[in-house]
1. Solvent-accessible area per residue for segment 44-183 at a 1.4 Å probe radius, Å²?
2. Share of segment 165-265's accessible area from carbon and sulfur, percent, 1.4 Å?
3. Need one number for segment 155-280: average projected area of the convex hull over its C-alpha atoms, nm².
4. For segment 107-221, which semi-axes, largest first and in whole Å, follow from the square roots of 5 times the eigenvalues of its Cα gyration tensor?
5. Counting only protein heavy atoms, what percent of the accessible surface of segment 34-136 is carbon or sulfur at a 1.4 Å probe?
6. So which of Lys50/Lys108; Lys74/Lys95; Lys37/Lys58; Lys132/Lys197 end up more than 24 Å apart by C-alpha?
7. Any idea what the alpha-carbon Rg over 2.2 N^0.38 Å comes to for segment 74-131?
8. Sort out for me the Cα centre separation of segment 100-124 from segment 222-250, rounded to whole Å.
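The values are calculated or read from the model by the stated rules, or taken from the named source; none is laboratory data. The structure presented is a predicted model; accordingly, all values stated were derived computationally and were not measured. Just the protein is used for accessible areas: all its heavy atoms, side chains included, with ligands, DNA and RNA removed. Shrake-Rupley method; radii C 1.70, N 1.55, O 1.52, S 1.80 Å.
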Amino acid sequence: MKILLQGLIYGVIFLMLCTQGCSNDRSAAEKYYDTPKKGTIYISADESFKPVISEQIKVYESSYPATHIIASYKSEADCFRDLEKDSTRLIIIAKGLTREQSSYFESKLSFRLQYDVLAFDAVCVIVNSASKDSVFTIQQLKELLEGKNKMKTMVTDGKNATSTVRYLLDSVVRGEKFGSNVLAAENSMQVIDYISKTENAIGFVGSSWISNEDDPGLRVYKNKIRLALLECKICGKDTFAKPSQSTISYGYYPLVRPLYFILKENTTGLGTGFINYMSLERGQLVFRRSYLAPAKMGFALRKMEIQEQ
């Protein structure tokens, strides 16, 4: 009887230890694994998209208070370097993966990375309000960037290859090098500040940096800078366009680039939840309010005429 009682006591203690261990394992697992509605992830995004991505994170976290999306804003090249790290699961840049890059990550991780276009952004040309030149052809921009025109040209950190710099090299300069008149700023706000103080200069920034007129930081520059008009290649002769959702959507504005996500996640985690949100109506509307052209949902653009009574 005594032996039986001791065995029973040992059995109860063993079950309690197992239950506690399993509970601790579950707690550790819940702490480690995230879901679309809770958890923490680290992402990297190209600095030129900072205003719109910051807004997307703000809206998502307000909907799911148990989530924390910690974003680092840096050059496109640095974002790709972060993708190699275990700590970074998502990057947002202006290009997708090449076949070689996709194969490399698949062999390294044993699953295929997801990537797609979320929206389209304009590379805006800004000038000082007092500038005499505010209308440019693509050829004139090319000559400016090559240094054939001595007008000061400001871009975001040319040393670290932001998406804006890569886009200008690939799509405007086309294989040539920047001239000595091209200056590199640390970030897009520094470009805006420089142009606001320099009459004989132009700058290049993403559209979300200058579209939010309610931003107190931008309101300071409202009367100090203006958008330049660029040559429309598909329009009639001597037709120029400013960046807007309609000129981006219809192809009238010539400097347009995609906004891509690249997701390193093979489970339905917080990264997947955030991407699904940005791909559906609420996230696409945030892109629209930031004056980007949504890529996933077709918000109709219709011409209307209003007659005054």
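1. Working: 6480 Å² over 140 residues.
Per residue, segment 44-183 has an accessible area of 46 Å².
2. On segment 165-265, the fraction of accessible area on carbon and sulfur atoms equals 47 percent.
3. 10.9 nm²
4. Semi-axes, largest first: 27, 20, 13 Å.
5. Values: 2310 of 4720 Å².
Solvent-exposed carbon and sulfur of segment 34-136 make up 49 percent of the total.
6. Beyond 24 Å: Lys50/Lys108.
7. Numbers: Rg = 15.9 Å, N = 58, 2.2 N^0.38 = 10.3 Å.
Its radius of gyration relative to the 2.2 N^0.38 Å reference: 1.54.
8. What the calculation gives is 30 Å, centre to centre.
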